[in-house]
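What follows is one structure encoded as structure tokens, with my remarks underneath.
The values are calculated or read from the model by the stated rules, or taken from the named source; none is laboratory data. The shown structure was predicted, so the numbers you read here are calculated from the model rather than taken from an experiment. Heads up, the Cβs are rebuilt from the backbone with ideal geometry, glycines too, and the neighbour counts pull from every protein chain shown.
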Amino acid sequence: MLQHRSFEGFKIKPAKDFLQSRVPVLVNNDCHIVLAAPQQSMQNYYYKNTDADELIFIHEGSGTVHTQYGELPFSFGDYIILPRGTIYQISFNDEHNRLFIVESFTPLRYPKRYMSRLGQLMEHAPYCERDIRPPQDLKTLDEKGDFMIKAKKKGMLYGLHYGTHPFDVVGWDGCCYPYIFSIHDFEPITGRVHQPPPVHQTFETNAFVVCSFVPRLFDYHPLAVPAPYNHSNIDSDEVIYYVDGDFMSRKHVTRGMITLHPAGIPHGPHPGAVEKVSVPGKQKNWQ
Ligand SMILES: [Fe+2]
């Protein structure tokens, strides 16, 4: 049915194992949106998604992603980007973890309009190369044994057994590697009047974009109405995942909530919200 929906993401039950904890909540041919609350580090196996690039947003928890490229320590607010085919194993520091995961069936990349012809992030981008954390501390694990890699192909998991450690790598080069970008390093683009959603764009694929709505000064012209305008998204569905901030004071919105605004019907601020924020000097942190 064509209607707005909301889901209470933190009602997803925690599970011990990382793969078993992953619950797909919204899916289409372009991406799967998955929530997970794993309690334990991955034990006795490694994982490789051969179908999709993975974006893992750390809402709660911390730990390290071990990959054949090196290690990626992570904490709250990190977007971990894992290109398809990356073999990885995650260790968590404790059992309290909440992850928002997007599996993308086309490559996840920096927005094209922020890239120079030569592949450098340009000055008007909301982040730059210094904000990208590549894998570190490559350890060459020259070991023999039985190493199981759970490989996902066409939605099925297969157990591949290697006779040598999958991280028996002495080095690597190229521009395809896992990395982390923290939402705390996203430098918001602001304006005197309400800025359109593309200013929040953080990643893109051939099929969808990922945006970060972060705390910022906004709509600061004296006559600006500091609230989003009603709009009709006719080209794409919109999904919002609520992490932290002023929405806590709004009714019906909780941490970890997902709202779905399907293409085809208009949406905008809650009734009365525009009137509430249009008093000069009284600003709210709207999406
Ligand atoms: Fe919208």
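Computed quantities for the displayed model
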read-out	value
Condition check for residue 212: closer than 28 Å to residue 8 by Cα, surrounded by 15 or more Cβ atoms within 10 Å (Cβ to Cβ) and small (Gly, Ala, Ser)	yes
Strands (runs of 3 or more DSSP E) within the stretch 24-94 that include 2 or more residues farther than 23 Å from residue 156 by Cα and among the hydroxyl-bearing types (Ser, Thr, Tyr)	none
Any hit, the stretch 223-242, residues being farther than 22 Å from residue 10 by Cα, within 14 Å of the ligand (Cβ to nearest atom), touching a Lys or Arg at 6+ places or on another chain (Cβ under 8 Å) and modelled with pLDDT of 80 or more	yes
Neighbours by Cβ (under 7 Å, 6+ apart or cross-chain): first from the stretch 252-269, without any contact (Cβ under 8 Å) to a residue 40 or more places away in the chain and farther than 19 Å from residue 227 by Cβ; second in a loop (DSSP other than H, G, I, E, B) and away from the ligand (no atom under 16 Å from the Cβ)	none
Residue within the stretch 31-52 that is of a type in the set (Val, Ile, Thr), in the same structural domain as residue 110 (by TED's automatic domain parsing) and within 21 Å of residue 7 (Cα to Cα) present	yes
Conditions (1) within 30 Å of residue 82 (Cβ to Cβ); (2) surrounded by 18 or more Cβ atoms within 10 Å (Cβ to Cβ): number failed by residue 219	(1)
Residue check for residue 47: touching a strand residue (DSSP E or B) at 6+ places or on another chain (Cβ under 8 Å), in contact (Cβ under 8 Å) with a residue 24 or more places away in the chain and among the aromatic types (Phe, Trp, Tyr)	yes
Qualifying positions in the stretch 130-160 - farther than 27 Å from residue 105 by Cβ and of a type outside the set (A, V, I, L, M, F, W, C)	130, 136, 137, 139, 140, 142, 143, 144, 145, 146
Selection within the stretch 125-146 - in contact (Cβ under 8 Å) with a residue 24 or more places away in the chain and not in a strand (DSSP E or B)	126, 127, 131, 134, 135, 137, 138, 139, 140, 141, 142, 143
Failed criterion for residue 97 (all others in (1) farther than 17 Å from residue 241 by Cα; (2) modelled with pLDDT of 95 or more hold)	(1)
Unmet criterion (only one of (1) within 15 Å of the chain's Cα centre (by Cα); (2) surrounded by 20 or more Cβ atoms within 10 Å (Cβ to Cβ)) for residue 60	(2)
Unmet criterion (only one of (1) within 16 Å of the ligand (Cβ to nearest atom); (2) within 30 Å of residue 28 (Cβ to Cβ); (3) buried (at least 17 other Cβ atoms within 10 Å of the Cβ)) for residue 185	(1)
Members of the stretch 1-23 that are assigned to a loop (DSSP other than H, G, I, E, B), farther than 11 Å from residue 260 by Cα and not aliphatic (A, V, I, L, M)	13, 14, 16, 17, 22
All positions within the stretch 108-132 that are under 15 Å from the mean Cα position of the chain (by Cα) and either closer than 30 Å to residue 40 by Cβ or exposed (fewer than 14 other Cβ atoms within 10 Å of the Cβ) (or both)	108, 132
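Here's the yes/no breakdown for (1) at negative phi; (2) assigned by TED's automatic domain parsing to the domain that holds residue 114; (3) not in a helix (DSSP H, G or I):
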{"position": "198", "(1), (2), (3)": "yes, no, no"}
{"position": "206", "(1), (2), (3)": "yes, no, yes"}
{"position": "213", "(1), (2), (3)": "yes, no, yes"}
{"position": "219", "(1), (2), (3)": "no, no, yes"}
